[in-house]
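Colleague: Handing you a structure now.
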Amino acid sequence: KHFGYWVFGKDMTNVKPKTLKDNGITDLFLNYYAFTSHGKTKVLAFIKECKTYKIDVHIWVQCFYDGEWHNPKTTDLTAKLKEIKKYAAMENVKGVHLDYLRYPGNAYKTDGGADAIAAFVKKVRSQNPSTFLSCAVMPESENKKYYGQDISALGKIVDAVLPMQYKGNYRAGRSWFTST
């Protein structure tokens, strides 16, 4: 079993790897903005410290949203692919976690949007074949229609699909977690 936390880049220095390990945490999803907030040297030292406690660090990357949405079918994503490759190659990084791997609820307006997302993930996988690759997906039953996330297709490419199920979403109770 794996248990993890997502950590915003600016909050990295508030995280104590020993405390996480003492509480059964095995994985940490560190937002890529940590490199901007703290610098590469400090982030890599933090990742190395996590490794000493047997905590795997995955760099959490925002794919199609950076303050504005980018359509994966019509946007040149070469720079994003290079960025992901850079993170995947860093020492002691276990994996890359793809977030905002979706449309903002309007995928049905783009013919082939789900195929464009799957094609992007295939490119990420092909350039990083040995990196543990995970992705966040919307938890709604019609996520392919609205978000362009074909979970069946993505599940064949990545190592883990993580539904974004948050307590309080959709005013749903515990049964929603199980059914979703």
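The values are calculated or read from the model by the stated rules, or taken from the named source; none is laboratory data. Since we're looking at a predicted model, the values are computed, not measured. Note that we place each Cβ from the backbone using ideal geometry, even for glycine, and neighbour counts take in every protein chain shown. Ligands, DNA and RNA are stripped out before the accessible areas are found, and what is left, the full protein with its side chains, is counted by its heavy atoms. Shrake-Rupley method; radii C 1.70, N 1.55, O 1.52, S 1.80 Å.
Colleague: Run down Lys94, Lys73, Lys82 and say which single residue is basic (Lys, Arg), surrounded by 15 or more Cβ atoms within 10 Å (Cβ to Cβ) and not in a strand (DSSP E or B).
Modeller: Details: Lys94 fails: not in a strand (DSSP E or B); Lys82 fails: surrounded by 15 or more Cβ atoms within 10 Å (Cβ to Cβ).
Of the residues listed, the single one that is basic (Lys, Arg), surrounded by 15 or more Cβ atoms within 10 Å (Cβ to Cβ) and not in a strand (DSSP E or B) is Lys73.
Colleague: Every residue in region 17-36 that is open to solvent by 50 Å² or more (accessible area, probe 1.4 Å) and in contact with an Asp or Glu (Cβ under 9 Å, 6 or more places away or on another chain), please. Give the derivation first.
Modeller: Kept after step one, since they are open to solvent by 50 Å² or more (accessible area, probe 1.4 Å), are these residues of region 17-36: 18-19, 21-23, 33, 36.
Within region 17-36, Lys18 is the sole residue that qualifies.
Colleague: So, in region 120-148, of the ones that are under 17 Å from Trp60 (Cβ atoms) and polar (S, T, N, Q), which residue ends up farthest from the chain's Cα centre (by Cα)?
Modeller: Asn128
Colleague: Among the residues of region 50-61, how many are open to solvent by 40 Å² or more (accessible area, probe 1.4 Å) and either free of Cβ contacts under 8 Å to residues at least 40 places away in the same chain or farther than 21 Å from Lys86 by Cα (or both)? Reasoning before the result, please.
Modeller: As a first pass, look at region 50-61 and keep what is open to solvent by 40 Å² or more (accessible area, probe 1.4 Å): 51-54, 56.
Checking the rest, the ones that are also either free of Cβ contacts under 8 Å to residues at least 40 places away in the same chain or farther than 21 Å from Lys86 by Cα (or both) come to 52-54.
Of the residues in that region, 3 qualify.
Colleague: Here's a follow-up. Evaluate region 72-80: report whether one residue or more is at pLDDT 95 or above and in contact with a strand residue (DSSP E or B) (Cβ under 6 Å, 6 or more places away or on another chain). So that I can check it myself, show each step before the final result.
Modeller: First, the residues of region 72-80 that are at pLDDT 95 or above: 72-80.
From the residues that got through so far, the ones that are in contact with a strand residue (DSSP E or B) (Cβ under 6 Å, 6 or more places away or on another chain) too are none.
There is no residue in region 72-80 that is at pLDDT 95 or above and in contact with a strand residue (DSSP E or B) (Cβ under 6 Å, 6 or more places away or on another chain).
Colleague: Now a separate question. Step by step: first the residues of region 97-119, then only those that are within 14 Å of the chain's Cα centre (by Cα) and in a loop (DSSP other than H, G, I, E, B), then the one that is nearest to Tyr32 (Cα to Cα). Which residue is that?
Modeller: Looking at the filtered set, the residue picked out is Tyr100.
Colleague: Now for a separate question. For region 120-151: of the residues being in a helix (DSSP H, G or I) and in contact with a Lys or Arg (Cβ under 9 Å, 6 or more places away or on another chain), which is farthest from Thr180 (Cα to Cα)? Even if it seems obvious, please write down each step before you answer.
Modeller: Initially, region 120-151 is screened for residues in a helix (DSSP H, G or I), giving 120-127, 143-147, 151.
Checking which are in contact with a Lys or Arg (Cβ under 9 Å, 6 or more places away or on another chain) leaves us with 120, 124, 127, 143, 146-147, 151.
Values: Phe120: 25, Val124: 27, Gln127: 32, Asn143: 12, Tyr146: 16, Tyr147: 16, Ile151: 13 Å.
Here the residue is Gln127.
Colleague: Identify, by number, the condition in (1) over 16 Å from the mean Cα position of the chain (by Cα); (2) in contact (Cβ under 8 Å) with a residue 12 or more places away in the chain that Lys85 doesn't meet.
Modeller: (1)
Colleague: Follow-up question, since we're still on this one. Could you list all residues from region 25-47 that are more than 18 Å from the chain's Cα centre (by Cα) and either under 16 Å from Asn14 (Cα atoms) or assigned to a loop (DSSP other than H, G, I, E, B) (or both)? Show your work before the answer.
Modeller: Taking region 25-47 and keeping what is more than 18 Å from the chain's Cα centre (by Cα), we get 37-42, 44-46.
Selection gives Ser37, His38, Gly39, Lys42, Leu44, Ala45, Phe46.
Colleague: Continuing with the same structure: Of the residues that make up region 99-106, is at least one touching a residue at least 40 places away in the same chain (Cβ under 8 Å) and of a type in the set (Lys, Arg)?
Modeller: Among the residues of region 99-106, at least one is touching a residue at least 40 places away in the same chain (Cβ under 8 Å) and of a type in the set (Lys, Arg), which makes the answer yes.
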